[in-house]
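**Q** I am attaching a structure below and will ask some questions about it afterwards.
No lab work stands behind these numbers, since they all come straight from the coordinates. Not measured: the values here are computed from a predicted model. Cβ placement follows ideal geometry from the backbone for every residue including glycine, while neighbour counts extend to all protein chains displayed.
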Amino acid sequence: MCFLICISLVAPAAVITMNDGSTIEVNEIAFEKDVLQAVNGSDSIELPRARIQDISFSGRKQKKTDLATDVADLPALYEKALKLLAKYPDSDSITVSEDASYQHRCDGTNLTRYRGVTYIAKEEALWNAQISLSFDPHREKIKILHARSYSSDGQIQSLAPDQIKVSKGTSDSVYFDQYQDLRFTIPEVSVGSLVDYSYEVEEFNPFDGNLFQGRAYFQGDAPIGESILRVSIPHDKQLHFVTCNCEGYASAPEKIDGVDSIIYNWKFTDVAPLIAEPYMPAYRDVVPCIYYSLNKDFTYVHNKLKPMFEKRFQLTDLVKKKVEEIIEGAKDLNEKISRLYLFCQKEIRYISIKGNLASNQVGHPAEETLKNKYGDCTDKGMLLATMLKHIGVKAYPVGIRTNNAGRAIRDIAIFDDNHCITEVHLDGRIFYLDSTATDYRYPYFRSDDHDTIADNTILGTLNPVPLPPPEDNAVHVTRNITLSADGTTRIEFESTQNGSSEAYFRESARNMKPEEYEKQVRASVAAITADYILELATHTNPLDFTDAFKSTSIYTLNRFAPKSGGYMIFAIPYFEMGFPEVSLKNRKFPIVYTTTRLRTDKVNITVPEGYTVKYLPPALRVQSPYVEFETIYDQQGQQIKVSRKLAFPRKIVPVADYESFKADLQKIAYSSKERIFLEEAEKPEETPEVPPINNASDTVSGGEK
């Protein structure tokens, strides 16, 4: 047994389980050689190590009628909660105390114990009384040590065992695994209550006894009074860990030598709540966190998984036949890759089935996925890589952590990926494809894959997935606008896209009938003015991936441009820009975008007869490492030509550069609100009509005038 340690407990919070199943509650314990010295009140007890089965530091002996354990510390925790509430009065809840213990035993099995105490400050936090814990019954056993509420008058309401329900884990229609959910609702919880529960999970059948690893985070929406992490490993093993964002806290653990184990102890106190900001980094990239593993690098992990990959990475006759069918008639290698990519995107439905280490980390054989016509990201990535092998292209399924989920930990070996894509090696370069990106046209792939690190188990490499240039995620808009003398505006609109912008428009169009698409366009135009005529609203086939997606519309805005005296004031529809990411005066966190992006606008305006251009907005150019902008207004006769370009070439704007970045975007936003002024030409003054003069001579017959 590896969890026996030398420690003195200030409160009665330990239960010793003997080999015969009996239990003893103690206040203090210490080991001297192979004898445990225990104190229970005024009684001293000596117990031979061989008679002890287990020691629980997170619960007391359970009664048969409920799951209540010792409550001696609850009054003190309640007082602590009130002090924290006075410090953070706007909080919905207070995490008064949480204590997590992860024990890796000598035989490779693992034991987790957790206790959490939360104060309910507002009704919005009553959901904390509903507890749901997932576990794999084929590998884990879970036990509730206690679950109870504590009210301001000292009343305690404990959960009864028959109130615990176990059911198949919830999943959507595409995700299936072996997990079950253990659920219960702690009784009599109201505003002003403490919610206190504790449980343990024994992993009796681990995937691999040498893959002990984990992570812990120490900040959330609620303030935290105290958060403790304990990690215990046998003496003959070494724990490797990484600490992140722990400035201001003790990042080095306290190490305690036990009889058969070493305990690493981290403690965080008085942690303020996390205040969200628009476009802030992922949660794990800003909160204090600790990652730990028995493996310093990926050598053991890769050696364990590589044979599993190779077994599934087989080019069988069935796969070859399908590849030949797909690429028949393709004019070059590029088109072959494009067709295979599209097949895995469209013809292999996304369904995830997990059950063991192989299916979790490696997926299923390529042929099996092809036969089933379904699979998850790992299965689809494996199938595409296998198919590409048949046309002479080296490709591999690789694991990444999507950029919206935070940076992957690569300093130590932990399973930190949440997605699988395909790494392609061709003509001396490496690029990436994502078979789950069903609306992306080759060679584009999902934007949340960009700027990540790919773990290639087969080659044993870690490669950066590059951030593409803005031109690979672009929207190009053209508007031909005709103005009439009464302000009526006719607009011919056309838009083409690529990259993630194109994928967004394709998906949107694919999920709408033509009449629904027209209705959406109408709603958009009606938001400008209720007096309009829609002539055309259409787009190219979203399922045609041979060319860029294009949308077209033609509409007229009746008397849209207002007139004041002899002036017409014109604002280009949909031309204004806003940037919520710079809405704050100051920022604590960097601005983080999903990827780069580009937008270009070309506007051709025909000025109505009888009007001249009185004012055009000035040109503006902004150039920085984070934003590139240019807008130009040019008059050519009765034509006004406007060109505008906005590009974001980087994904992250550091806090140090926020002020200048904000100033740049504010300039751009202001320029987008500028108006064009047209002046009605003066009509020439009308000359009054003068009666004609008769110059003919009067004649008298036979005489002269």
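**Q** Indicate, rounded to the nearest 5 percent, the antiparallel portion of the DSSP beta bridges found entirely in the chain.
**A** 90 percent
**Q** Using Cα pairs closer than 8 Å and at least 6 residues apart in sequence, work out the relative contact order for the chain, in percent.
**A** 8 percent
**Q** So what's the gap between the Cα centers of the range 378-448 and the range 612-687, to the nearest angstrom?
**A** 40 Å
**Q** If you don't mind, there's one more thing I want to ask. Show me, bin by bin at 10 Å from 0, the whole-percent P(r) of the range 452-509 based on Cα pairs.
**A** All Cα pairs considered, the percentages come to 18, 24, 23, 18, 8, 5, 3.
**Q** Relative to 2.2 N^0.38 Å, what does the C-alpha radius of gyration of the range 366-420 come to as a ratio? Two decimals please.
**A** With N residues counted in the range 366-420, Rg over 2.2 N^0.38 Å equals 1.33.
**Q** Another question, if that's okay. Over the range 319-425, how many percent of alpha carbon pairs lie in each 10 Å bin up to the one with the longest distance?
**A** Here the calculated profile for the range 319-425 is 14, 45, 29, 11, 1.
**Q** Right, next: Would you mind getting me the FRET efficiency between TYR88 and ASP153? Use the beta-carbon distance for r and R0 = 30 Å, nearest 0.05.
**A** It comes to 0.80.
**Q** For every helix of n ≥ 4 consecutive DSSP H residues, a contribution of -39,500 (n - 2.57) applies; sum these over the chain, divide by its total residues, and give [θ] at 222 nm rounded to the nearest 500 deg cm²/dmol.
**A** -5000 deg cm²/dmol
**Q** Relative contact order (percent) for the range 508-616, with alpha-carbon contacts under 8 angstrom and 6 or more residues of separation?
**A** Worked out over the range 508-616, it gives 16 percent.
**Q** In whole Hz and in residue order, list the ³J(HN,Hα) couplings for the range 595-611 that follow from phi through the Karplus curve 6.51 cos²θ - 1.76 cosθ + 1.60, θ = phi - 60°; x for Gly and Pro.
**A** Values, residue by residue: 7, 6, 6, 9, 9, 10, 10, 10, 10, 10, 10, 9, 6, x, 4, x, 10 Hz.
**Q** Grab the alpha carbons of the range 471-680, take their convex hull, and tell me the volume per residue in Å³.
**A** Spread over its residues, the Cα hull of the range 471-680 gives 138 Å³ apiece.
**Q** Between 0 and 90 degrees, rounded to the nearest ten: what's the tilt of helix 658-672 against the longest Cα principal axis of the chain?
**A** Helix 658-672 and the main axis of the chain meet at about 30 degrees.
**Q** What relative contact order, as a whole-number percentage, does the range 240-316 give when Cα pairs under 8 Å and 6 or more residues apart are counted?
**A** 40 percent
**Q** Can you figure out the FRET efficiency of ASN205 with ASP544, using R₀ = 45 Å and their beta-carbon distance, to the nearest 0.05?
**A** Working from the Cβ atoms, E equals 0.35.
**Q** Taking θ as phi - 60°, what are the ³J(HN,Hα) couplings along the range 298-312 by the Karplus curve (6.51, -1.76, 1.60), each to the nearest whole Hz, with x for Gly and Pro?
**A** 8, 4, 5, 4, 5, 5, 6, 8, 4, x, 5, 4, 4, 5, 8
**Q** Separation between the ARG621 and LYS143 pseudo-spin-labels, each 7 Å from Cα along Cα→Cβ, expressed in nm?
**A** 7.4 nm
**Q** Take every Cα-Cα distance within the chain, group them into 10 Å bins from 0 onward, and report for each bin the whole-number percent of pairs it holds.
**A** The percentages, shortest bin first, are 2, 11, 17, 19, 17, 14, 9, 5, 2, 1, 1, 1, 1, 0, 0, 0, 0.
**Q** While we're on this one: I need MET387, MET568 ordered by Cβ neighbour count within 10 Å, fewest first.
**A** Listed from fewest to most nearby Cβ atoms, that is MET568, MET387.
**Q** If you don't mind, there's one more thing I want to ask. Between the range 253-269 and the range 508-560, what's the alpha-carbon centroid distance in Å?
**A** Spelled out, the Cα-based centre of one part sits 63 Å from the other.
**Q** For the range 157-304, what is the convex hull (Cα atoms) projected area averaged across all directions, in square nanometres?
**A** Here the figure is 13.8 nm², rounded to one decimal.
**Q** Something else about it: With +1 on each Lys and Arg Cβ and -1 on each Asp and Glu Cβ, and nothing else charged, work out how big the dipole of the range 576-621 is about its Cα centre, in Debye to the nearest 20.
**A** So the dipole magnitude of the range 576-621 works out to roughly 360 debye.
**Q** Arranged by the count of other C-beta atoms within 10 angstrom, fewest first, what order do GLU628, GLU325, GLU659 take?
**A** In increasing order of surrounding Cβ atoms, one gets GLU325, GLU659, GLU628.
**Q** Based on the Kirkwood radius over alpha-carbon pairs, what value in µm²/s does the Stokes-Einstein equation return for the translational diffusion coefficient of the range 61-293 at 4 °C and 1.567 mPa s?
**A** It diffuses with D of about 67 µm²/s by this estimate.
**Q** Quick one: net charge of GLU324's neighbours, Cβ under 13 Å, K/R +1, D/E -1?
**A** Every neighbour counted, the sum reads +2.
**Q** If you take the Cα atoms of the range 514-591, find Rg, then find the Kirkwood Rh from the mean of 1/r over all pairs, what is Rg/Rh?
**A** A ratio of 1.13.
**Q** Please order THR436, THR299, THR461, THR452 by the number of other Cβ within 10 Å, starting at the fewest.
**A** THR299, THR461, THR436, THR452
**Q** In sequence order, what are the phi-derived ³J(HN,Hα) couplings for the range 514-519 according to the Karplus relation 6.51 cos²θ - 1.76 cosθ + 1.60 with θ = phi - 60°, rounded to whole Hz, with x for glycine and proline?
**A** Karplus values, whole Hz, x for Gly and Pro: x, 5, 6, 5, 4, 4.
**Q** Rounded to the nearest 0.05, what FRET efficiency do GLU328 and ASN372 have when you use their Cβ-Cβ distance and R0 = 25 Å?
**A** 0.60
**Q** Once you charge only the Cβ atoms, +1 for Lys and Arg and -1 for Asp and Glu, what is the size of the charge dipole of the chain about its Cα centre, to the nearest 20 debye?
**A** In debye, rounded to 20, the chain gives about 1100.
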